[in-house]
Amino acid sequence: MALGRQTTFTWLGHATFLIGTPGGKTLILDPWLRDNPACPERFKNPGPVDAVLITHGHFDHVGDAVEVAARGDPPVIGAFELCAWLEGRGVRNTVGMNLGGATEVAGLRVHMVRADHGSGIATDSGMVYGGPAAGYVIEMENGFKVYCAGDTALFGDMTLIGELYSPDLAILPIGGLYTMDALQAARACRMLGVEHVIPAHYKTFPALTQSADQLIEAVREVKRLKVHVLAPGQTLG
Ligand code: NI
Ligand code: MN
């Protein structure tokens with residue numbers, strides 16, 4: 001099932017995505033590659049990207065951020081505190097922001113929005129405060145809008161995100177345990193009013209949901225909504 005909006009989404013497993021924009025830019029979301037058991041071998045070392053977006057400081061979202069940022073110093077977007085930690089690890093081109101803020105990066109408007117989740121950074125010397133966990137709304141060059149929820153519980157203000165930004169597509173976690181599950185993601189789709197949803201943050205570990213069937217079943221009656229179930233390494237475009 002094609003998207004037809006000049007935007008591509010390649011799932012690298014878990015919460016990691018390569019996003020190709022209508023203007024030819026490449027973004028990486030939550031780079032976790034080498035230790036990501038779901039990341040196909042050919043994507044473990046992606047080429048240079050135009051921007052890195054990080055939703056929060058957990059290892060399965062920030063694991064390869066320093067290495068990816070070292071290839072060409074692309075802007076790295078994240079919470080102010082997370083960016084300060086990344087700077088300490090040698091990342092030069094950070095764009096620290098906070099919930100409710102917006103910035104221009106790689107020619108795209110990016111909004112940082114709420115997520116209900118933790119953001120501690122596990123280090124050899126203990127847990128470091130990573131600022132708030134976040135989601136992003138990305139406005140593509142052609143007006144196509146993408147909501148990347150990051151790790152989050154379902155929360156009532158997803159309705160507000162729908163009203164404020166009118167996202168066309170959402171990337172939502174469905175794995176349960178650390179985030180909302182598939183049934184709650186189905187509810188999120190209704191609240192957001194999106195036309196497209198890509199499920200993520202599942203199938204990586206035995207403790208997480210192993211299929212998107214429950215999501216597909218739960219949104220069967222939602223008009224115009226398309227569920228795009230990707231395999232790791234697969235591209236939706
Ligand atoms: Ni997390
Ligand atoms: Mn996670």
> When only residues in region 147-173 that are within 14 Å of ligand 1 (Cβ to nearest atom) and in a loop (DSSP other than H, G, I, E, B) count, which is farthest from the chain's Cα centre (by Cα)?
Replying inline: 153
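Is at least one residue of region 167-175 open to solvent by 60 Å² or more (accessible area, probe 1.4 Å) and either modelled with pLDDT of 95 or more or in contact with a strand residue (DSSP E or B) (Cβ under 7 Å, 6 or more places away or on another chain) (or both)? First the steps, then the outcome.
Looking only at region 167-175, we keep the residues that are open to solvent by 60 Å² or more (accessible area, probe 1.4 Å), and these are none.
Scanning region 167-175, I find no residue that is open to solvent by 60 Å² or more (accessible area, probe 1.4 Å) and either modelled with pLDDT of 95 or more or in contact with a strand residue (DSSP E or B) (Cβ under 7 Å, 6 or more places away or on another chain) (or both), so the answer is no.
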>> of a type in the set (A, V, I, L, M, F, W, C), assigned to a strand (DSSP E or B) and in contact with a helix residue (DSSP H, G or I) (Cβ under 9 Å, 6 or more places away or on another chain): which single residue out of 66, 113, 49, 91 fits that description?
In response: 113
> Among the residues of region 132-146 satisfying the criterion of being open to solvent by less than 50 Å² (accessible area, probe 1.4 Å) and in a loop (DSSP other than H, G, I, E, B), which is farthest from residue 60 (Cα to Cα)?
Replying inline: 143
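Let's see how each residue does on (1) touching a strand residue (DSSP E or B) at 6+ places or on another chain (Cβ under 9 Å); (2) open to solvent by less than 10 Å² (accessible area, probe 1.4 Å):
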position	(1), (2)
68	yes, yes
71	no, no
76	yes, yes
81	yes, no
84	yes, no
89	no, no
93	yes, no
97	yes, no
100	yes, no
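The values are calculated or read from the model by the stated rules, or taken from the named source; none is laboratory data. Keep in mind it's a predicted model, so treat the numbers as computed, not measured. Heads up, the Cβs are rebuilt from the backbone with ideal geometry, glycines too, and the neighbour counts pull from every protein chain shown. All accessible areas refer to the heavy atoms of the entire protein, side chains included, with ligands and DNA or RNA removed. Shrake-Rupley method; radii C 1.70, N 1.55, O 1.52, S 1.80 Å.
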